[in-house]
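Inspection log for the structure reproduced underneath, given as structure tokens.
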Amino acid sequence: MPFLTPDQISQYKDEGYIAPIDALSKEEAIEVREEIELIEKKWPNELEGLGRNYIHLISPVFDKVCNNTKILDAVESLIGKNILICGTTLFVKNPNEKGFVSFHQDAKYIGLEPHNWVTAWVAITDANEENGCMRMWSGSHKNDLQYHNQKFDENNLLTRGQTVENVPMNETKPVILKAGQISLHHPKVVHGSGLNKSNDRRIGFVIQSYIGTNVEQVLGKMYVQQARGDDTFKYHEHVARANELMNQESTQIKKKANEELSKIFYSGSSKIGKY
Ligand SMILES: O=C(O)CCC(=O)C(=O)O
């Protein structure tokens, strides 16, 4: 019995994303924000630059989010029951900073083939038009991968500043979420987000992505965890789940995983950005 409703599955097929879906309680979202702010205070460099990736490997609070039953039920409805967690990224936009995300397709530089995968964007704070929520170009996932200009803008939160130009803004839709809700988006849907004009942080925790066990990494190496089912394909190295914040072994694995991820994200690029 699929967890998502027929309307939600139609939205995914027609528009390339689903939102909103209730996942965490308000209290759980606050717990996640407090975990981020604790790490930022105690280990100020840990989440900087590349370090914004793979936080679920070093934090049981984030590990719990990745294994949240409601999220996994929804994901299972889209990619089947054999599910791996292959990466996570924090997208934080602080007030008074100029962070934005250019319109792009996740599948362009991520090396995950075939596209039996889905990205979950978990709202840790509310996300709305004032604080720079994502905007989806509805239906754009039905097209092939598009040309991306590589701009390396210093305020762009993407690795290369990869940009699909001339997106028809009237065909884009805001993904408005309350803290604790999620959206799910397709590997090829074109999406981006604007500035945070509010007085508070906008925090998205992105599970990028949940992949079917049949998905290979064609550009490099990724470290995965089994979220559901079995992995009979064994394409990836499986690593342990976090059971203690920032223990030495898991921080080393996070570092190694990020070095490998950087090779994937900048594969074929003559320049390396700050993430
Ligand atoms: O957080 C954002 O504004 C953009 C995140 C994004 O591009 C993604 O989750 O694929």
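The values are calculated or read from the model by the stated rules, or taken from the named source; none is laboratory data. Note that this is a predicted model, so its numbers are computed, not measured. Virtual Cβ from ideal backbone geometry, glycine too; neighbours counted across all protein chains shown. SASA here: full protein model, heavy atoms, side chains in, ligands and nucleic acids out. Shrake-Rupley method; radii C 1.70, N 1.55, O 1.52, S 1.80 Å.
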**Message:** As I understand it, the dipole of segment 161-268 uses +1 on the Cβ of Lys and Arg and -1 on the Cβ of Asp and Glu, about the Cα centre. Which of Ile264, Asn243, Ser193 lies farthest toward its positive end?
**Reply:** Ser193
**Complete:** Expressed in square angstrom to the nearest 10, the accessible area of Lys256 with a 1.4 Å probe stands at 100
**Item:** 20 Å cut-off, amide nitrogen to a point 7 angstrom out along Lys64 Cα→Cβ, residues in segment 232-275
**Value:** 240-247, 250-251
**Request:** Compare the Cα positions of Gln8, Leu24, Ile36 along the charge dipole of segment 1-44 (+1 at Cβ of Lys, Arg; -1 at Cβ of Asp, Glu; about the Cα centre) and return the one farthest towards the positive end.
**Result:** Ile36
**Prompt:** Rounded to the nearest 500, what is the chain's calculated 222 nm mean residue ellipticity when only DSSP H runs of at least 4 contribute -39500 (n - 2.57) each, over all residues?
**Reply:** -7500 deg cm²/dmol
**Prompt:** What is the distance, in nm, between label points placed 7 Å from the Cα along the Cα-to-Cβ direction at Glu171 and at Asn149?
**Reply:** 1.8
**Request:** Take Asp231, project a point 7 Å from its Cα along the Cβ direction, then tell me which residues of segment 73-101 have their backbone nitrogen under 18 Å from it.
**Result:** 76, 79-89
**Asked** With contacts defined as alpha carbon pairs under 8 Å and 6 or more residues apart, what's the relative contact order of segment 104-204 in percent?
**Response** 50
**Complete:** When every protein chain stays in place and a 1.4 Å probe is rolled, Phe205, Phe91 sorted by accessible area with the largest first are Phe91, Phe205
**Percent RCO, i.e. relative contact order, over the chain, from Cα pairs under 8 Å lying at least 6 residues apart** = 32
**Message:** Rounded to two decimal places and with Rh computed the Kirkwood way over Cα pairs, what is Rg over Rh for the chain?
**Reply:** 0.92
**Cα-Cα over 29 Å, subset of Lys26/Lys274; Lys26/Lys142; Lys13/Lys81; Lys151/Lys221; Lys234/Lys263** = Lys26/Lys274; Lys26/Lys142
**Request:** Would you grab the residues whose amide H sits under 5 Å from the one on Ala227? Only those 5+ places off in sequence or on another chain, please, with H modelled 1.01 Å from N.
**Result:** Ile83, Leu84, Ile85
**Request:** Equivalent ellipsoid semi-axes for segment 138-244, as square roots of 5 times the alpha carbon gyration tensor eigenvalues: give them largest first, rounded to whole Å.
**Result:** 29, 20, 16
**Message:** Nothing charged except the Cβ atoms of Lys and Arg (+1) and of Asp and Glu (-1): what's the magnitude of the dipole of the chain about its Cα centre? Round to the nearest 20 debye.
**Reply:** 500
**Complete:** Checking Ile39, Ile110, Ile264 against a Gaussian network model of the chain (alpha-carbon springs below 10 Å), the top fluctuating residue turns out to be Ile39
**Request:** Among Ser102, Ser77, Gln162, pick out the residue whose Cα is farthest towards the positive end of the charge dipole of segment 58-194, where Lys and Arg carry +1 and Asp and Glu carry -1 on C-beta, about the Cα centre.
**Result:** Ser77
**Fill in**
Quick calc, segment 11-139, dipole around Cα centre from Cβ unit charges on Lys, Arg (+) and Asp, Glu (-), nearest 20 debye, gives 280
**Asked** At a 1.4 Å probe, what is the % contribution of carbon and sulfur to the accessible area of segment 170-236?
**Response** 46
**Asked** Got a sec to turn the phi values of segment 130-142 into Karplus ³J(HN,Hα) couplings, 6.51 cos²θ - 1.76 cosθ + 1.60 with θ = phi - 60°, whole Hz, x for Gly and Pro?
**Response** 5, 9, x, 5, 5, 10, 9, 7, 4, x, 5, 5, 7
**Message:** Quick check: residue separation of Ser269 and Asp14 times 0.36 nm, minus the Cα distance between them. What number comes out in nm?
**Reply:** 88.5 nm
**Asked** Which whole-Hz couplings ³J(HN,Hα) result when phi for each residue of segment 148-155 is put into the Karplus expression 6.51 cos²θ - 1.76 cosθ + 1.60, θ = phi - 60°, listed in order with x for Gly and Pro?
**Response** 10, 6, 10, 9, 6, 5, 5, 9
**Item:** Average Cα contact separation per residue, segment 58-155, under 8 Å, 6 or more apart, as relative contact order %
**Value:** 33
**Request:** Rounded to whole Hz and in sequence order, give me ³J(HN,Hα) for segment 243-250 from the Karplus expression 6.51 cos²θ - 1.76 cosθ + 1.60, θ = phi - 60°, writing x for Gly and Pro.
**Result:** 10, 7, 5, 6, 6, 4, 5, 6
**Request:** Just read off the accessible area of Trp137 with the full protein assembly in place, 1.4 Å probe, to the nearest 10 Å².
**Result:** 40
